[in-house]
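Below is one structure, written out as structure tokens; comments come after it.
The values are calculated or read from the model by the stated rules, or taken from the named source; none is laboratory data. Note that the structure is a prediction, hence the values are computed from the model and not measured. In this analysis, Cβ positions are derived from the backbone assuming ideal geometry, glycine residues included, and neighbour counts consider all displayed protein chains.
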Amino acid sequence: MADAQANNSTLKINDKEYNINDLSNEAKSYIAQIQLIDSKMMPMKAELAVFQTARDTYSNSLNAELEKL
């Protein structure tokens, strides 16, 4: 959700406050799906950061090795 924050019975989306009880069931379903996707993306992002760090290390090592030529 773009800039979404939950606070008790309100939800802030894109700088606008919404009372959760006023939302349609469809809107609540979308929120639940977005939260599920966000929770599944978190470990993927962490793993991607590890891969990026490893790639950067190998790239730096390659550049150092090529400097010897």
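At a glance:
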read-out: Filtered residue count, the stretch 23-41, keeping only those that are part of a helix (DSSP H, G or I) and loosely packed, with under 10 Cβ neighbours inside 10 Å; value: 4
read-out: Residue in the stretch 52-69 that is nearest to the chain's Cα centre (by Cα), counting only those that are loosely packed, with under 10 Cβ neighbours inside 10 Å and among the hydrophobic types (A, V, I, L, M, F, W, C); value: A64
read-out: Selection count where residues are surrounded by 10 or more Cβ atoms within 10 Å (Cβ to Cβ) and either modelled with pLDDT of 95 or more or not hydrophobic (A, V, I, L, M, F, W, C) (or both), scope the stretch 1-18; value: 6
